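What follows is a single structure, written as structure tokens, with notes after it.
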Amino acid sequence: MYDVMVIGAGPAGCMAAKRLADAGYGVLLVERMSIPREKSCSGILIKKSIKVIKNEFGKIPDSVLCKPNISKGIVITNEKGQTFKFESDGLNVWRSLFDEWLALKAQNAGAELRQSTSAIACAEKHDYVSVKLHDSEIYEEKARIVVACDGADSNIKRDLFKKPKNYVFTYQTFCRGTIDLDHDFFHAFLDPQLSQYDAWFNVKDDLLILGVGVKEPALMKMYHSRFLSFLNSQFNAKIESCVKEEVGIMPGVTSGCPVNLGTGRILFAGEAANFLNPIGEGISSALASGYAAAEAVKSAYKTNNFSVKSLIDTYNYNISPEKEYMTRQWTILAGMSSKFSYMK
Ligand SMILES: Cc1cc2nc3c(=O)[nH]c(=O)nc-3n(C[C@H](O)[C@H](O)[C@H](O)COP(=O)(O)OP(=O)(O)OC[C@H]3O[C@@H](n4cnc5c(N)ncnc54)[C@H](O)[C@@H]3O)c2cc1C
């Protein structure tokens with residue numbers, strides 16, 4: 001039996017696994033994909049993420065960065081054409097390489113990494129959790145505590161709570177071409193004509209990334225082509241070719257920013273818990289919640305108190321600054337755009 005099983009080797013899972021392995025616990029880190037794996041993402045690490053990563057994982061290697069290495073901040077244009085420029089240096093990374101590095105760090109700390117293995121379901125028993133895993137066959141592993149960090153489409157959460165899905169779907173294309181927008185910034189457009197959520201432009205190496213977020217997946221290509229026409233007319237975008245397209249999902253955050261921290265001995269962190277900041281920034285809260293969940297697990301072991309209430313209460317206490325941060329960020333966005341006024 002493992003002390004802890006962490007499901008999902010994204011930023012939340014790698015943080016939880018590394019913290020717990022560093023503290024000497026027996027950790028199994030289960031990842032559905034083979035690493036390095038793709039994760040649809042703009043790959044911007046904001047200052048808050050960089051600080052935590054440097055503290056916990058060490059210097060971010062140049063090999064995971066793409067050009068421009070430094071992201072100078074974000075420019076948000078609302079439905080009235082007003083622009084809000086936030087200057088703050090971040091880093092521009094390829095998620096596949098960045099997450100691979102995080103997973104390697106968790107492994108080096110002593111976590112057992114099991115790739116190409118899906119967690120299908122968790123069942124809480126008297127003093128452990130039984131987890132059904134699937135690789136070439138279906139089998140059971142046991143852990144005293146589970147931290148589910150399996151992303152926005154969390155299988156584990158769906159299985160336990162049977163709640164209806166609430167996603168934002170994203171569609172982005174990686175193109176060659178030119179555009180009269182500053183490549184050093186991430187540009188977000190909130191005009192409802194261009195997307196049902198936001199539309200964005202950023203640069204990774206020599207590729208222009210154009211993306212839209214929608215509630216109805218059937219409309220993603222229609223909005224994307226509208227966005228392209230807009231960029232063409234307003235910023236002289238000339239697209240020569242598209243080398244890749246990607247569909248992704250994010251949790252749909254609702255008023256009050258409710259999160260779901262788990263049940264009993266099964267904690268959720270990252271997007272599985274519904275953490276997501278405006279304009280799709282989620283790495284910082286994934287890291288923070290992975291950290292806070294790990295600290296809650298550590299204190300359960302230290303006090304030998306695995307009671308349902310104690311574990312979730314400790315996690316809730318640890319994570320409250322992050323919840324406040326998330327709520328503040330959404331309130332700021334609500335003040336900038338009527339599209340997000342429901343988040344006030
Ligand atoms: C288009 C787009 C752009 C974005 N841009 C940014 C950005 O620039 N900056 C930023 O901070 N955030 C960005 N985000 C958000 C960010 O990607 C997420 O918030 C962040 O990755 C969440 O981390 P996580 O660890 O919770 O989940 P994930 O990173 O999604 O990791 C979950 C992991 O769990 C694995 N998994 C899933 N199911 C199972 C299972 N059943 N068993 C085992 N493993 C499983 C997955 O393969 C994955 O590796 C963006 C999101 C999208 C969609």
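The values are calculated or read from the model by the stated rules, or taken from the named source; none is laboratory data. Computed from a prediction, not measured in an experiment: that's the story for all the values here. Every residue, glycine as well, gets a Cβ built from its backbone with ideal geometry; the counts of neighbours run over all protein chains shown. Ligands, DNA and RNA are excluded from the accessible area calculation, which covers all protein heavy atoms including side chains. Shrake-Rupley method; radii C 1.70, N 1.55, O 1.52, S 1.80 Å.
Give the Kirkwood hydrodynamic radius (Å, one decimal) of the chain, defined as one over the mean of 1/r across all pairs of different Cα atoms.
20.5 Å is the Kirkwood radius here.
Which trypsin sites (Lys or Arg not before Pro) does the range 1-97 hold that lie in a coil by DSSP with at most 14 other beta carbons within 10 Å?
59, 80
Relative contact order of the range 167-251, please, whole-number percent, based on alpha carbon pairs below 8 angstrom and at least 6 residues apart.
After rounding, I find 46 percent.
Below 11 angstrom from the Cβ of residue 204, what's the summed charge of the other residues (Lys, Arg +1; Asp, Glu -1)?
Neighbourhood net charge equals +1.
Solvent-accessible area per residue for the range 44-179 at a 1.4 Å probe radius, Å²?
50 Å²
Can you pull the percent of the range 112-182's accessible area that's carbon plus sulfur, 1.4 Å probe, other chains left in place?
That share works out to 46 percent.
Tell me, what is the percent relative contact order of the chain, built from C-alpha pairs under 8 Å that lie six or more residues apart?
After rounding, I find 20 percent.
In a shell of Cβ-Cβ distance under 13 Å around residue 331, excluding residue 331 itself, what net charge do Lys and Arg (+1) and Asp and Glu (-1) give?
Local charge sum for residue 331: +2.
Would you mind telling me the share, in percent, of accessible area of the range 1-98 contributed by carbon and sulfur at probe 1.4 angstrom?
After summing per-atom areas, the C and S share lands at 52 percent.
Return the loop-located trypsin sites (Lys or Arg not before Pro) in the range 116-194 (DSSP other than H, G, I, E, B) with at most 12 other Cβ atoms within 10 Å of their own Cβ; answer none if there are none.
125, 162, 165
With respect to the cross-link table entries 39/142; 18/72; 48/72, which display a Cα-Cα separation exceeding 18 Å?
Beyond 18 Å: 39/142; 18/72.
Round to a whole angstrom and tell me the spacing of the C-alpha centers of the range 281-335 and the range 109-153.
Cα centres, the range 281-335 to the range 109-153: 21 Å.
Quote the relative contact order of the range 135-283 in percent (integer), defining contacts as alpha-carbon pairs under 8 Å separated by 6+ residues.
33 percent
What number comes out for the charge environment of residue 259, summing +1 per Lys or Arg and -1 per Asp or Glu over other residues with Cβ under 12 Å away?
With Lys, Arg at +1 and Asp, Glu at -1, the net is -1.
Taking only pairs that are 8 or more places apart or on different chains, how many Lys pairs in the range 151-256 have Cα atoms under 21 angstrom apart?
9
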